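Here's the structure we're looking at; comments come further down.
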Amino acid sequence: MSLPAMNKRVVLAKRPDRGPITPATFKKDAAPLRQPAEGEVVVKIELLSIDPAMRMWLVDTPSYIPPVQIGEVMRAGGLGRVVQSRSDLYKAGDLVHGLLGWQEYWVGPASALEPRHTPEGMEDIDHLGLLGVSGMTAYFGMLDVGRLKDGETVCISGAAGSVGLIATQIALAHKRCKVIAIAGSQDKVDELKALGCKTVLNYKEDGFARNLRKAGRIDVYFDNVGGQMLDLVLAQINPYARVVMCGAISQYNTAKPYGVRLTPQLISMKARMEGFIAFDYEKRYPEGRAYLADLAKKGQIKYAYYVTGGGLDGCVKALQDMFDGKNYGKTVVSFKEGERGTKL
Ligand SMILES: NC(=O)c1ccc[n+]([C@@H]2O[C@H](COP(=O)([O-])OP(=O)(O)OC[C@H]3O[C@@H](n4cnc5c(N)ncnc54)[C@H](OP(=O)(O)O)[C@@H]3O)[C@@H](O)[C@H]2O)c1
């Protein structure tokens, strides 16, 4: 395959102020596509994962991963095909996953990539969603950190998002668990009810706090959102509850972070609140993937993808759409001609 001389990319133009990112945060450019050195491969990117954490990677504060530097290609997990190989690890045509970034081609050491084989009945895109970081986050968050047991009441915020949709269905697959799902639109409420959630609340509706109180006390809170919603849930945790600090998306974009007030509840309820990062479970990913593939095979997980087309031109919009809550399920940018829309 002949490769273009130039590689189109989207780089970080300037660090955003607090508040939503704007197109001016990034800029499109092109750089010479270099030849692979010994041990390296060239990958043509097919799908890119869009994640809330990207907002954090733009800010220069200590975190689990260094920030993206000004002028650097925007970091993103992605899926692509090897098109040139100077490594024994891969041959042309192999499907690989890695931190490929917002660009058309990735060139680098083959050892930085992971091979991907798509199981029967699943699609390549599932490596970014159900079998990807979202799936692993939901699985280890709910079962390892949350230690969900049959018969418990579990509340999930951001329940119609990429991680939330899987966490919700893991809870639904447990015997006699009562699931309280929270999402931000009537469409999402309807979708979650159709999956079998008995109590689904729209946090943007008047009376949300009252409705949450009416939904009853909570043993496991899988928190994707943080902020005031965390306080509302802390007010009604059961003794020995587990509060799984998965994410705090309500705070990533906000100009004025919310100070959580009800942490003393953790004392009186002898409860545990624990943050985690899915990458720390990497060695156990096969276990998580096998569990989720099995649920999917038994029809106990219905997953969805919000696919933005246009390749590089779709990246900024996809990130903005996700923060605006337009996605149901995993947000993905496709480089394939004409591929966009919600994929169920
Ligand atoms: N700990 C880890 O290792 C790990 C790994 C992956 C992701 N995460 C975290 O998990 C959370 C979910 O990630 P995801 O990839 O599954 O994203 P996602 O839920 O697919 O997309 C984000 C969703 O957040 C909701 N949202 C946006 N602003 C909000 C606000 N102010 N208040 C409440 N909800 C808001 C929107 O849904 P609505 O329509 O419902 O508002 C939106 O669809 C994020 O906080 C992320 O940082 C953690």
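Largest mean-square fluctuation among A215, A241, A112, in a Gaussian network model of the chain whose springs join Cα atoms under 10 Å apart, belongs to A112.
DSSP assigns beta bridges within the chain; of those with both partners inside it, close to 60 percent run antiparallel.
Exceeding 28 Å between C-alpha atoms, which entries from my cross-link table qualify? They are K175/K214; K8/K91; K14/K317; K188/K214; K214/K298; K149/K270. Long pairs (Cα-Cα over 28 Å): K214/K298. For G275, the shell of other residues with beta-carbons less than 14 Å away shows a net charge of -2, using +1 for Lys and Arg and -1 for Asp and Glu. If a/c stays under 1.5 just call it rounded; otherwise compare a/b with b/c (prolate if a/b is bigger, oblate if not). Do that for region 133-280, with a ≥ b ≥ c from the square roots of the Cα gyration tensor eigenvalues. Rounded shape, in that the Cα axes give a/c under 1.5. Dividing the C-alpha radius of gyration of the chain by 2.2 N^0.38 Å, with N its residue count, gives 1.01. Once the Cβ-Cβ distance of A92 and S268 is raised to the sixth power relative to R0 = 41 Å, the FRET efficiency obtained is 0.10. Near G275, the amide H atoms lying under 5 Å from its own belong to M245; only residues 5 or more places off or on other chains count, and H is placed 1.01 Å from N.
Note on region 212-344: percent of Cα-Cα distances in each 10 Å bin, starting at 0 and stopping at the bin with the largest distance, equals 11, 26, 34, 23, 6, 0.
The HN-Hα couplings worked out from phi for region 159-172 by the Karplus form 6.51 cos²θ - 1.76 cosθ + 1.60 (θ = phi - 60°) are 5, 9, x, 5, 6, x, 5, 6, 4, 4, 7, 5, 5, 5 Hz, whole numbers, x standing for Gly and Pro.
Residues considered: P20, P62, P36. Largest GNM mean-square fluctuation over the chain, using C-alpha springs under 10 Å, is found at P62. Placing unit charges on the Cβ atoms of the charged side chains and taking the dipole of region 133-280 about its Cα centre, the candidate lying farthest along the positive direction among Q236, C197, S157 is Q236. Couplings for region 261-272, taken from phi via the Karplus curve 6.51 cos²θ - 1.76 cosθ + 1.60 with θ = phi - 60°, read 9, 9, 4, x, 4, 5, 6, 5, 8, 6, 9, 10 Hz in order; Gly and Pro are left as x. Is the shape of region 1-140 rounded, prolate or oblate, going by the alpha carbon gyration tensor and its root eigenvalues a ≥ b ≥ c, with a/c under 1.5 for rounded and a/b larger than b/c for prolate? Oblate is the answer for region 1-140, as a/c is 1.5 or above yet b/c matches or exceeds a/b. Rounded to whole numbers, the Karplus 3J(HN,Hα) couplings from phi for region 106-120 are 10, 10, x, x, 4, 5, 7, 10, 10, x, 10, 10, 7, x, 4 Hz, using 6.51 cos²θ - 1.76 cosθ + 1.60 with θ = phi - 60°, and x at Gly and Pro.
For the chain, the 222 nm mean residue ellipticity estimated from helices alone, with every DSSP H stretch of n ≥ 4 adding -39500 (n - 2.57) and the total spread over all residues, rounds to -6500 deg cm²/dmol.
Given Cα pairs under 8 Å that are at least 6 residues apart, what percent is the relative contact order of the chain? Answer for the chain is 17 percent. Highest mobility in the GNM of the chain, judged by mean-square fluctuation with C-alpha springs under 10 Å and restricted to A24, A278, A110, is found for A24. Legend: calculated FRET efficiency, D190 to K336, from the Cβ-Cβ distance at R0 = 35 Å, rounded to 0.05, equals 0.75. For K326, no residue whose modelled amide H falls within less than 5 Å of its own remains once neighbours fewer than 5 places apart on the same chain are excluded. Computed on region 133-280, with alpha-carbon pairs under 8 angstrom and 6+ residues apart, the relative contact order is 23 percent.
Read-outs: derived from the displayed coordinates by stated rules, not from any lab. Small disclaimer: the values here were computed from a predicted structure and weren't measured. Quick reminder, even Gly has a Cβ in these numbers, built from the backbone with ideal geometry, and neighbours come from all protein chains shown.
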